[in-house]
Amino acid sequence: MKFRSFIRPLAIAAGLVLVLGLGLLGRLTLSTPLYLIERGGQGQPLALQFMPKQSTVVASVLVRPDRLADLWEYLAAPRLRQDTRHDQELIEQALLANTGLSYSRDIQPWLGEEVTAALVTPDLDQDPANGTTPGYLVALACNDSAAAQAALELYWQNRAIAGDALTFEDFSGNRLIYARRGAQRFPGEDTAQLATTLVANRYVLAANHPTVLRQALTAAQSSDLNLQADRRYKTALRELPQTRVGLLALNLPAVNRWLHPDRDATVSLNQLEATDDEVGWGLMSWQLTRQGLVGHTALLAAQGHRLHPQRATAADWQAIAPYLPDSLAVTALGTDLTALGQRLKPLLALGAPTGDGAPPLAPVIDKALGSGAAELLQTGVDRAYGVGLVTARANAPDWLVVAPQSVTLSKTLADLTELARQQGLGVGSLDLRGTPAIAWTRLALSPNRSQPLQVMAEVAGLQAQIDQYEVLATSAAMLDAVIHPSAPRQPPTWWQQVAQLPGPSTGYVHIDWSQVQASLVAQLPQWRLWGTAAQPALKHLQQITLVSGDRSDAMQTGSILVQLSNQ
């Protein structure tokens, strides 16, 4: 028998097995929630037509929420599935509190594949003198309008039986229903807890005030007013992957005002940023992975401003990453240390009520070594860098800088030593388990009055060389962790996920959520409110990694990796 005659039947059989196997795999994927990872949900949020384009935050879930819950439970370890179902119940209770509604009984039977929610305005009457009343709007896609109408009628009947005075209002061809409760705080205010309307048998709109519903219906009638037709949204969406389960739109100046209503009205991101490199609006597209979420971002330059273009390059991050310990709360890698501070300013401005909340790297270094130390270091690190903070210490975080040796950096370190002397710090040599190091120290008397006076040396900073790198740190423990790792030197554990992202990058910022959560909650009152409601989900949040991509004069792209755990 010729070899060709022998091999042909085998090839045909193998082909049939492959085709049947792929077909079976496809059916298995479709029969499990895993298809959400591969295919995502609905392509675009159609309910954006109801969202005013000036809205502070707009979030769209492009798949029915119970499908996401099924996937989360499917991926959970068997021993944790009962806890996962309990967490889902807690989230449902928090979202539907005081409504008397059940998701599975009252909403799921008619709900389509989209839920879009927005903070339309931080304050309905824009008068801080009488407090703030945020305006919230939710749009639910309808698969069965008759069932949706029946659910709404039952809800309002129960409210009427409970003694609420219902109001029916016709607005733009739609019937609005709401109930008044409480006394008016300002003329014309209607203190409704919930207002609803069914639009064109396709969407159920719900808001915490009828004014918000009126704004939504007005926006839908004019392309100049809604987010779906907004130029910013269309421009950003073109840059994002099409496979997604959610979209998040952020009006950054409005978010800043919402998070910090007590901040002076004259303070804005314009003053916190340089005249260039200011972003004003952003869109994030979210995909699911087995480890959590991947968000792809497109940030647009603020009106009247431009960004400095920068093309992402395939920098050798792998060489410097192994020198960064896993214990860092915040880690950053990049090629321009000065640009890191500029890019983080909008984030830091949102996170710190007075602009000096949880300290970034520059103020920490200045406090330790003297005013101007951070600026010296930023200009001296003329190549790739790795920096980090650890929030374990109560009085100040530990900091770390790792950078390749260079002539410029050597001169900078000499200048730092001179600056330390001018600040009254002592400069001396130290042997750190066989590695020579330089220590900048500050002398002080022992605060314990019951003991004889003693002179104590407080370490302000340490510097040493390891391989081809210069390492600066706050404490001997931090420096020792870099020079003498407890295990063979390798990149931090989060690096494996970053390496899976396609394409080059201009830098990374990694956040260990367990270390920064308490600091964030303490800084933002609004976060405490939402954080409590979202705690059943947030307890699974482990790490967040920000990846910078290309930047043109009008747009900055990037990615966000969110690692969750239910194993």
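Each residue of segment 326-337 is assigned a 3J(HN,Hα), and the resulting list reads 5, 6, 5, 6, 10, 10, 9, 10, x, 10, 9, 5 Hz, derived from the Karplus form 6.51 cos²θ - 1.76 cosθ + 1.60 (θ = phi - 60°), x at Gly and Pro.
Backbone phi angles across segment 128-138, fed through the Karplus curve with coefficients 6.51, -1.76 and 1.60 (θ = phi - 60°), yield HN-Hα couplings of x, 5, 10, x, 10, 10, x, x, 10, 9, 10 Hz in residue order; Gly and Pro are listed as x. Listed by chain and number, the aspartates and glutamates whose alpha-carbon sits under 17 Å from that of LYS539, ignoring those within fewer than 8 places in the same chain, are GLU73, ASP83, ASP87, GLU89, GLU92, ASP512. Phi-derived couplings, Karplus 6.51 cos²θ - 1.76 cosθ + 1.60 at θ = phi - 60°, listed residue by residue for segment 250-259: 10, 8, 4, x, 5, 4, 4, 5, 5, 5 Hz, with x used for Gly and Pro.
Here LYS53 is the anchor, and the aspartates and glutamates within straight C-alpha reach of less than 14 Å, apart from those fewer than 8 places off in the same chain, are ASP224, ASP230. Summarising the label geometry, the points placed 7 Å from Cα in the beta-carbon direction at THR132 and LEU90 lie 2.6 nm from one another. For GLU470, the amide hydrogen comes within under 5 Å of the amide hydrogens of ALA403, GLN405, counting only partners 5 or more places away or on other chains and with H modelled in the peptide plane. Taking Cβ atoms as reference points and 11 Å as the exclusive limit, the residues near LEU154 contribute a net charge of 0, counting Lys and Arg as +1 and Asp and Glu as -1. Proximity of backbone amide H atoms, modeled 1.01 Å from N, is registered between THR32 and no other residue at under 5 Å, excluding neighbours fewer than 5 places apart on the same chain.
Each label was represented as a point 7 Å from its Cα along the Cα-to-Cβ direction; for ARG383 and LEU445 these points are 4.8 nm apart.
Could you calculate the FRET efficiency of TRP513 with HIS484 from 1/(1 + (r/R0)^6), where r is the beta carbon distance between them and R0 is 25 Å, rounded to 0.05?
That gives a FRET efficiency of 0.35.
So what's the net charge close to LEU376: Lys and Arg +1, Asp and Glu -1, counting the other residues with Cβ under 15 Å from its Cβ? Combined, the nearby Lys, Arg, Asp and Glu give -3. Charge tally around THR84: other residues with Cβ under 14 Å, Lys/Arg +1 each, Asp/Glu -1 each, net -3.
Rounded, prolate or oblate: which fits segment 351-505, taking a ≥ b ≥ c as square roots of the Cα gyration tensor eigenvalues, rounded meaning a/c under 1.5, else prolate when a/b beats b/c?
The shape class here is prolate.
In segment 83-170, the inverse of the mean reciprocal separation of distinct Cα atoms equals 15.6 Å; this is its Kirkwood hydrodynamic radius. The listed peptides 300-307, 127-134, 280-287, ordered by packing as a protection proxy, come out as 280-287, 300-307, 127-134 (highest mean of other Cβ atoms within 10 Å first). Spin-label pair GLN422-LEU501: with each label point 7 Å from Cα along the Cα-Cβ axis, the two points sit 3.9 nm from one another.
Only the coordinates and a few stated rules stand behind these numbers; no lab work does. Quantities reported herein were computed from a predicted structural model and do not represent experimental measurements. Glycine also receives a Cβ, built like all others from the backbone with ideal geometry; neighbour counts cover every protein chain displayed.
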